[in-house]
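Below is one structure; the comments refer to it alone.
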Amino acid sequence: MDFDAVLLLSFGGPEGPEQVMPFLENVTRGRGIPRERLAAVAEHYLHFGGVSPINGINRDLIAQLRTELGDRGVELPIYFGNRNWEPYVEDTVAAMRDNGIGRAVVFTTSAWGGYSSCTQYVEDIARARATAGGDAPELVKLRQYFDHPLLVEMFTEAIGAAAQTVPDDARLVFTAHSIPSAARSRCGPDLYSRQVGYASRLVAAAAGYDDYDQVWQSRSGPPQVPWLEPDIADHLATLAEAGTKAVIVCPIGFVADHIEVVWDLDHELRQQAQELGIAFARAATPNADPRFARLAVDLVDELRSGRDPARMPGSDAPPLQGFSVNGTVCTPDCG
């Protein structure tokens, strides 16, 4: 397949205090979240001046993508669109249409399967094309990449760097965004949790850890609705009771520093660890690492050349899904 452009599709985030509440209203529209709950979450963003790190990171990643494409002798325009804040993907796809783009490849800032991690981006593509009308470009979403060798390499090195700041006996804990238990098999049996668990196992082995924990974080909604557990804060308390004196937290479920990383982990969890007398280190996410851009362009090249997907060798690998064209789901389980 040949392409006229690349579209980086992401979640979006506010870039000023006045944008925080409108952004959160976009994220939670139709879910009946009380205003007071939104106000509480808004304080997380306002702690950082009302600016989420994610848009800036994505702009840096686009610069890395441009460099990587150039190094391979490929000249393609790169567009940027978000689900929940400017630049909105609907506006971006309309601009692509006006610029004469016929077919674009779409790289999403999520490595995983499941509704929020994959299918919702497919819905974004379908909505944006419908808004753009009959002359909308063909949009080809790239596959999931939870076990790509470069992703494993980046997290492995990040753990090694974090380990230099805490005692040698630090407990390694992988964390990913929790989801409602009712959604755990929406795109295949336990697909998301199996992928996260598999990636954690690959990274732990590469980093030289035989023993580790894999937990969840950042749940929301009413407490009577079950989500994937254990929660990382509860788990940290359990580790403290067992005598653990140091932890390395690897946010395996995040490819960039979302607010769930810089607030939930770097602020709240670090503070909890300090109160419990536990030394704390957080492994870096890929963010705009040049290797992350290389990963994205490798996925494009897989389509251009028809190569097999690059995956780390391992047993019991979960299904690799996510490739779709023009907002069609890749499996009936996601319909």
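Taking the options E268, E302, E260, E275, name whichever one is under 27 Å from G70 (Cα atoms) and modelled with pLDDT of 95 or more.
After ruling out the rest, the residue left standing is E302.
Is there a residue being outside any helix (DSSP H, G or I), on the phi > 0 side of the Ramachandran plot and modelled with pLDDT of 95 or more anywhere in region 50-61?
Checked region 50-61: at least one residue is outside any helix (DSSP H, G or I), on the phi > 0 side of the Ramachandran plot and modelled with pLDDT of 95 or more.
Does F155 fit the bill of being buried (at least 17 other Cβ atoms within 10 Å of the Cβ), modelled with pLDDT of 95 or more and in a helix (DSSP H, G or I)? Don't jump to the end; show me each part of the working.
Details: buried (at least 17 other Cβ atoms within 10 Å of the Cβ): yes; modelled with pLDDT of 95 or more: yes; in a helix (DSSP H, G or I): yes.
It is true that F155 is buried (at least 17 other Cβ atoms within 10 Å of the Cβ), modelled with pLDDT of 95 or more and in a helix (DSSP H, G or I).
Of everything in region 163-180, what is among the small types (G, A, S) and either modelled with pLDDT under 95 or under 15 Å from S200 (Cβ atoms) (or both)? Give them in sequence order.
A176, S178
Got a number for residues in region 279-328 being among the small types (G, A, S), in contact (Cβ under 8 Å) with a residue 12 or more places away in the chain and surrounded by fewer than 17 Cβ atoms within 10 Å (Cβ to Cβ)?
Result for region 279-328: 4.
Could you please tell me which pairs satisfy a Cβ distance under 6 Å, a separation of 6+ or placement on different chains, a first residue in region 241-253 that is on the phi < 0 side of the Ramachandran plot, and a second residue that is assigned to a loop (DSSP other than H, G, I, E, B)?
Note: pairs meeting the criteria are A246/V166; A246/P167; A246/A170; V247/A170; V247/I278; I248/A170; C250/A283; P251/T285.
Provide a single number: the residues in region 15-54 that are surrounded by 20 or more Cβ atoms within 10 Å (Cβ to Cβ) and touching a Gly at 6+ places or on another chain (Cβ under 6 Å).
Qualifying residue count, region 15-54: 3.
Test each condition in (1) in a loop (DSSP other than H, G, I, E, B); (2) over 19 Å from the mean Cα position of the chain (by Cα) for D257 and report the one that comes out false.
(2)
Looking at region 81-106 only, could you name the residues that are part of a strand (DSSP E or B) and either buried (at least 20 other Cβ atoms within 10 Å of the Cβ) or modelled with pLDDT under 95 (or both)?
The answer is G81, N82, A104, V105, V106.
Hey, any hits in region 209-229 for a residue that's acidic (D, E), farther than 16 Å from A162 by Cβ, in a helix (DSSP H, G or I) and at pLDDT 95 or above? Break it down stepwise before answering.
In the first step, residues of region 209-229 are kept if they are acidic (D, E); the result is 210-211, 213, 229.
In the following step, the residues that additionally are farther than 16 Å from A162 by Cβ were identified as 210-211, 229.
From the residues that got through so far, the ones that are in a helix (DSSP H, G or I) too are none.
No, there is no match, as no residue in region 209-229 is acidic (D, E), farther than 16 Å from A162 by Cβ, in a helix (DSSP H, G or I) and at pLDDT 95 or above.
Go through region 1-14 and count every residue that is hydrophobic (A, V, I, L, M, F, W, C), part of a loop (DSSP other than H, G, I, E, B) and surrounded by 15 or more Cβ atoms within 10 Å (Cβ to Cβ). Reasoning before the result, please.
So in region 1-14, the residues hydrophobic (A, V, I, L, M, F, W, C) come out as 1, 3, 5-9, 11.
Then keep just the ones that are part of a loop (DSSP other than H, G, I, E, B); that gives 1, 3, 11.
Next, from what is left, pick out any that are surrounded by 15 or more Cβ atoms within 10 Å (Cβ to Cβ): 3, 11.
Matching residues across region 1-14 total 2.
Please determine, by comparing only the residues of region 187-208 that are surrounded by fewer than 20 Cβ atoms within 10 Å (Cβ to Cβ) and part of a loop (DSSP other than H, G, I, E, B), which one is farthest from the chain's Cα centre (by Cα).
Top of the filtered list is G208.
For region 266-279, enumerate the residues that are touching a strand residue (DSSP E or B) at 6+ places or on another chain (Cβ under 9 Å) and either assigned to a loop (DSSP other than H, G, I, E, B) or closer than 16 Å to A242 by Cβ (or both).
Across region 266-279, the qualifying residues are Q272, A273, I278, A279.
The values are calculated or read from the model by the stated rules, or taken from the named source; none is laboratory data. Quick caveat: nothing in here was measured; it's all calculated off a predicted structure. Note that we place each Cβ from the backbone using ideal geometry, even for glycine, and neighbour counts take in every protein chain shown.
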